[in-house]
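J.: After the structure tokens below, expect a handful of questions from me.
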Amino acid sequence: MDGGAVSLDELAYFLNSDSAPQGCMDLSELDGFLAGLVAGPEVVPRDEWLAEVWDNDEPDYADEAERESVEQAIFDRYAAIETGLDATPLGYAAILWQDESGTTVAEDWAAGFMQAVTLRAKAWQPALADEDASMLLIPIASLAGMTLPESERGGQAMTDDALEGLMQDAEHVLPVCVLGLRRFWAERASESRMVRH
């Protein structure tokens, strides 16, 4: 990796390499996490969320240039998600894995998204209380639940059939959910501004 920009492939490689902390996110999880930050109710300081990416550990960078290029790749992805969500038509595509059989794996992405929600659990409450917004969060939370052992999943908000359909359509459904949540917070923010004046 030279001092130039790091591609998403190179970033994925770094996240899976021995240089990255054991518990750090993979690229799909990171993408969901960043999407959750972008779509969330408030801006989370960079230092705070970056620590989450590395599981509050410190990557073993070769040098300062590598640190800068890896972090920049993460920040660039954050900016790209923001731009993609605000574009018409929607320009954000979630980074999802495919397993050997060609099945799309969306659980990692969803787990990352929910981790961003957890960072600001209290601020996210209005979305859970809102009928439309909660419908956007349920698919993501349900997918994230698949990463947990069954005993910890709690009541399933979705039937197995619905969940299976969601997994097949994840690449189409997830960006729309993210966009809907981003708009939900934007509308709430503009409403509260209107109330103040």
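Values in this text are rule-based calculations from the coordinates and carry no lab data. Bear in mind that the values here come from a model prediction, so they are computed numbers and not experimental data. Note: ideal-geometry Cβ built from the backbone for every residue, glycine included; neighbour counts use all protein chains shown.
J.: When the scattering of region 34-134 is computed by the Debye formula from its Cα atoms alone, each counted once and equally, what is log10 I(q)/I(0) at q = 0.14, 0.21 Å⁻¹?
T.: Values, matching the q order: -0.67, -1.28.
J.: Then there's this: Figure the gain on full extension for GLU100 and ALA62 (residue separation times 0.36 nm, minus the Cα-Cα span) and round it to one decimal in nm.
T.: 10.5 nm
J.: Sum -39500 (n - 2.57) across every DSSP H segment of at least 4 residues in the chain, then divide by the residue count to get the 222 nm mean residue ellipticity, nearest 500.
T.: -21000 deg cm²/dmol
J.: Excluding PRO45 itself, calculate the net charge of residues whose Cβ lies under 15 Å from the Cβ of PRO45, where each Lys or Arg counts +1 and each Asp or Glu counts -1.
T.: -3
J.: Which residue, chosen from VAL53, TYR78, GLY40, occupies the Cα position most advanced towards the positive end of the dipole of region 1-103, where the dipole is computed from +1 (Lys, Arg) and -1 (Asp, Glu) charges on Cβ about the Cα centre?
T.: The residue sitting most towards the positive pole is GLY40.
J.: Which far-off residues, 5 or more places away or on another chain, put their amide H under 5 Å from the one on VAL105, with H placed in the peptide plane?
T.: TRP97, GLN98, ASP99
J.: Calculate one ³J(HN,Hα) per residue across region 47-55 by plugging θ = phi - 60° into the Karplus curve 6.51 cos²θ - 1.76 cosθ + 1.60, and present them in order as whole Hz with x for glycine and proline.
T.: 4, 5, 6, 5, 4, 5, 4, 8, 6
J.: A further question on this structure: Using the number of other C-beta atoms within 10 angstrom as an exposure proxy, rank SER101, SER28, SER7, SER134 with the fewest first.
T.: By the 10 Å Cβ count, ascending: SER101, SER7, SER134, SER28.
J.: Could you give the size of the charge dipole of the chain about its Cα centre, using +1 on the Cβ of each K and R and -1 on the Cβ of each D and E, expressed in debye and rounded to the nearest 20?
T.: 1240
J.: Based on alpha-carbon positions alone, could you give the equivalent ellipsoid semi-axes of the chain from the gyration tensor, as √(5λ), descending, whole Å?
T.: For the chain, the ellipsoid semi-axes come out as 27, 22, 16 Å.
J.: While we're looking at this one, here's another question. Taking a virtual spin label 7 Å from the Cα of ASP26 along the C-beta vector, which residues in region 157-182 bring their backbone nitrogen under 18 Å of it?
T.: Only 167-168, 170-171 fall inside the zone, counting backbone N under 18 Å.
J.: On to the next question. Quote the charge dipole size of region 35-84 about the Cα centre in Debye, to the nearest 20; the model charges only the Cβ of Lys and Arg (+1) and of Asp and Glu (-1).
T.: Value, rounded to 20: 360 debye.
J.: Name the most mobile residue of ARG46, ARG182, ARG77, meaning the one with the largest mean-square fluctuation, in a Gaussian network model of the chain with Cα contacts below 10 Å.
T.: Of the options given, ARG46 has the highest mean-square fluctuation.
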